[in-house]
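Engineer: I am attaching a structure below and will ask some questions about it afterwards.
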Amino acid sequence: MYYIDFDNTLYETGKLTKDVLYDFSKIISNSKNLDLNEVLEILKNSFNSTVDNFESFGCNLATKYGLKENIFKPHLRKIILENGKKYVFKDAIDFLEKLNKKKVEICILTYVAQKKNIEQQALKLLGSGILPYVTHVFNTTKYKFELQLDYENGIFIDDSPRDLEGLYKAGARNLIRIKKPNNEKRTSKNLSLPIEIPTFESFEEIEI
């Protein structure tokens with residue numbers, strides 16, 4: 001079984017966030033005749049991806065700026081659902097297709113900090129177009145290393161050192177870190193990760 005992380009591993013979450021905040025800022029600036037760049041800077045500084053989801057954040061913005069409660073919702077659904085495929089790394093799709101040809105089981109293992117973010121994560125997964133490639137999906141608020149998984153025999157692919165360290169402590173030994181060039185997360189301090197690669201294209205160069 002391949003256990004593959006979603007955000008920043010298969011899906012360019014940072015780019016999605018930039019696009020959503022820009023779209024929200026444009027709506028606010030056009031509705032209230034405010035400077036777009038100033039509004040965008042305010043939104044960037046106030047959005048906390050751990051605590052907020054886009055929909056609740058949009059509702060709070062609507063109240064703050066005196067706009068209709070659901071003014072952002074149609075735009076948000078369009079970005080996440082209709083345009084969601086553009087946020088999936090191209091090399092990730094190629095990799096999933098290769099695993100499918102090998103009849104390998106794939107589990108998407110995606111963590112969100114709060115239950116209120118579960119629905120948004122499900123929409124991102126649906127809009128991404130990757131679901132036909134995968135066998136199972138764990139969309140969970142529990143840490144990945146607390147789930148009932150086949151740690152000993154599974155192959156775990158993630159961008160987060162924290163998650164990889166936890167998986168290692170849970171018994172996982174086949175650990176691979178995907179570290180895209182724009183990924184600023186730290187290198188593991190507590191674990192000398194066996195393998196760190198920049199793209200899924202590098203996967204064929206390593207031995208599991």
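The values are calculated or read from the model by the stated rules, or taken from the named source; none is laboratory data. Quantities reported herein were computed from a predicted structural model and do not represent experimental measurements. Cβ sites come from the backbone with ideal geometry, for glycine too, and all protein chains shown count toward neighbours.
Engineer: Could you say whether any residue in region 130-141 is loosely packed, with under 13 Cβ neighbours inside 10 Å, touching a helix residue (DSSP H, G or I) at 6+ places or on another chain (Cβ under 8 Å) and outside the structural domain of Leu34 (by TED's automatic domain parsing)?
Structural biologist: yes
Engineer: Please state which one of Asp52, Asp35 is surrounded by 13 or more Cβ atoms within 10 Å (Cβ to Cβ), out of contact with any strand residue (DSSP E or B) (no Cβ under 9 Å at 6 or more places or on another chain) and among the charged types (D, E, K, R).
Structural biologist: Just one listed residue meets the conditions, Asp52.
Engineer: Then there is this: Please specify each residue of region 79-95 satisfying the condition of being touching a residue at least 40 places away in the same chain (Cβ under 8 Å) and either more than 27 Å from Tyr22 (Cβ to Cβ) or not hydrophobic (A, V, I, L, M, F, W, C) (or both).
Structural biologist: Across region 79-95, the qualifying residues are Glu82, Asn83, Gly84, Lys85, Tyr87, Asp91, Asp94, Phe95.
Engineer: From the set of residues in region 13-50 that are within 24 Å of the chain's Cα centre (by Cα) and outside any helix (DSSP H, G or I), which is nearest to Thr63 (Cα to Cα)?
Structural biologist: Ranking the candidates gives Phe47 first.
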